[in-house]
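Peer 1: Sending over a structure as structure tokens; questions will come in a sec.
Coordinate-derived values only; no laboratory data. Everything quoted here is computed from the prediction, not taken from an experiment. For neighbour counting, all protein chains shown are included, and Cβ atoms are generated from backbone atoms with ideal geometry for every residue, glycine included.
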Amino acid sequence: MALVTTTEMFKKAYEGGYAIGAFNVNNMEIVQAITEAAGELNSPIILQVSAGARKYANHTYLVKLVEAALIENPNIPIALHLDHGADFEICKSCIDGGFTSVMIDGSHFPFEENIEVTKKVVEYAHAHGVVVEAELGRLAGIEDDVKVSAEDSSYTQPDEVEEFVSRTGVDSLAIAIGTSHGAFKFKPGTKPQLRFDILHEIEKRIPGFPIVLHGASSVPQEYVKIINANGGALKDAIGVPEDQLREAARSAVCKINIDSDLRLGLTAGIRETLFRDPSIFDPRDYLKVGRANVKAVVAHKIKDVLGSEGKA
Ligand code: G3H
Ligand code: 13P
Ligand code: ZN
């Protein structure tokens, strides 16, 4: 089976009341962990690559790792997606280089400029059989070294989505309803609350259209504790409550982005192993523990949060 676009995945997810997990990949262990979990649970999956991941691991290595995962897991649909494409050039490079989906993130631009750049990417992508995600509204948190404070974040305005979608021809839309990028989302003791009222208003304006949630990690406290008990120094924070993500997955939200939870699982496994036995220096000994944690995170999300188990 070849890499697929997200069109069919989203159609089924929308109708079936579940969401597809979009997990960030940066190296072989992460690709293996995600696709093994999805393969065993018969779940469709999106592997996404940021500009930072391309810089770290190199475009070709990442594409070839994903192609290898496809051969190892022929039973599940896999899409390869560019996460947070900053401009037309990076989107073009990924479209030309084997991706099946790209995000053009014009969310920091004024409305008309966001439409302009999104439209340009859509025209090129569609001519090459690739689908496009765009974003309206601004999430708090950190992405690719850009930090957006809670005060500078802004919810998506429902009265803009219809015009944006029809003028750009985009295939899916990321919205801001209270999620946030990174591992330090909300202060402990607070009660994060996604704005389901905004989500439902958006659903009404563009019925049947797939919505994307970024910044959807839940910051598993057990991994934060393991990291800090083994020499780490992560400050206390909580993530997006999983019951709210489950509720979102039942709605028009068809793609849920998770990266930070994988990073926490991987790091917890590595720290725990190296602290338990300081004589270890074979990378396989600690990477395999980190990889097992990433696989466990993905399996949990598929089964208990996204609802995509058995939907391949
Ligand atoms: O939204 C951002 C993703 O977590 C990717 O992070 O740019 O550090 O690779 P990165
Ligand atoms: P988290 O930082 O919450 O994992 O979000 C990842 C993301 O949105 C990638 O685009
Ligand atoms: Zn994101």
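Peer 1: Under a point spin-label approximation (7 Å from Cα along Cα-to-Cβ), what is the Asn75-Asp87 distance to one decimal in nm?
Peer 2: 4.5 nm
Peer 1: Further question on the same structure: Which of Ala13, Ala69, Ala38 moves the most in a Gaussian network model of the chain with Cα springs under 10 Å?
Peer 2: Ala69
Peer 1: Which length gain, in nm to one decimal place, applies between Lys187 and Glu67 when the Cα-Cα distance is subtracted from 0.36 nm times their residue separation?
Peer 2: 39.2 nm
Peer 1: Hey, another quick one. Rank by packing, highest mean first: peptides 242-250, 53-61, with packing defined as the count of other Cβ atoms within 10 Å averaged across residues.
Peer 2: Sorting 242-250, 53-61 by mean packing, highest first, produces 242-250, 53-61.
Peer 1: Using the beta-carbon distance between Asn58 and Arg276 and R0 = 41 Å, what value does 1/(1 + (r/R0)^6) give for FRET efficiency, to the nearest 0.05?
Peer 2: For R0 = 41 Å, the calculated efficiency reads 0.80.
Peer 1: Can you pick out the pairs among Lys204/Lys303; Lys185/Lys288; Lys119/Lys303 whose Cα atoms lie more than 31 Å from each other?
Peer 2: From Lys204/Lys303; Lys185/Lys288; Lys119/Lys303, over 31 Å: Lys119/Lys303.
Peer 1: Quick one: among Glu123, Glu203, Glu151, which has the greatest mean-square fluctuation in a GNM of the chain with alpha-carbon springs under 10 angstrom?
Peer 2: Glu151
Peer 1: Over the alpha-carbon set of segment 162-250, divide Rg by the Kirkwood Rh and report the Rg/Rh ratio to two decimals.
Peer 2: In segment 162-250, Rg relative to Rh is 1.09.
Peer 1: Rounded to the nearest 0.05, what FRET efficiency is calculated for Ala296 and Glu113 with R0 set to 30 Å and r the Cβ-Cβ distance?
Peer 2: Efficiency, rounded to the nearest 0.05: 0.10.
Peer 1: Show me, for segment 126-140, the HN-Hα J-couplings you get by feeding each phi into the Karplus relation (A = 6.51, B = -1.76, C = 1.60, θ = phi - 60°), rounded to Hz, glycine and proline as x.
Peer 2: After applying 6.51 cos²θ - 1.76 cosθ + 1.60, I find 5, 5, 10, x, 10, 9, 10, 10, 10, 9, 10, x, 10, 7, 6 Hz.
Peer 1: Looking only at Gly137, Gly215, Gly21, which one moves most when the chain is put into a Gaussian network model with springs between Cα atoms under 10 Å?
Peer 2: Looking only at Gly137, Gly215, Gly21, the biggest GNM fluctuation is shown by Gly137.
Peer 1: Could you tell me the distance between the Cα centroids of segment 204-251 and segment 20-97, to the nearest Å?
Peer 2: Cα centroid of segment 204-251 versus Cα centroid of segment 20-97: 20 Å apart.
Peer 1: Right, next: Which order do peptides 224-232, 280-288 fall in by mean Cβ count within 10 Å, highest first?
Peer 2: 224-232, 280-288
Peer 1: Can I ask one more? What order, most packed first, do the peptides 257-270, 167-180, 186-199 have when packing is the mean number of other Cβ atoms within 10 Å of each residue?
Peer 2: Order by mean packing, descending: 257-270, 167-180, 186-199.
Peer 1: Another question, if that's okay. Hey, quick one: spin label on Arg284, modelled 7 Å out along Cα-Cβ, who in segment 16-34 has an amide N within reach, i.e. under 17 Å?
Peer 2: Within reach of a label on Arg284, which here means backbone N under 17 Å from a point 7 Å along Cα→Cβ, segment 16-34 contributes 28-30, 32-33.
Peer 1: If you don't mind, another one. So if R0 is 35 Å, what FRET efficiency would Glu201 and Ala127 give, r being the distance between their Cβ atoms, rounded to the nearest 0.05?
Peer 2: So the FRET efficiency works out to roughly 0.60.
Peer 1: If you don't mind, there's one more thing I want to ask. Taking the 0 to 90 degree range and rounding to the nearest ten, how far is the long axis of helix 59-72 tilted relative to the main principal axis of the chain, both from C-alpha atoms?
Peer 2: 80 degrees
Peer 1: Label Ala2 and Lys147 with points 7 Å out from Cα along Cα→Cβ: what is the distance between them in nm?
Peer 2: Calculated label separation equals 4.4 nm.
Peer 1: Along each of its three principal axes, how wide is the spread of alpha-carbon positions in the chain, in whole angstrom units, largest first?
Peer 2: So the extents along the principal axes, rounded to whole Å, are 60, 45, 34.
Peer 1: Can you pull the percent of Cα pairs in segment 3-47 with separation above 17 Å?
Peer 2: Within segment 3-47, distances greater than 17 Å cover 35 percent of Cα pairs.
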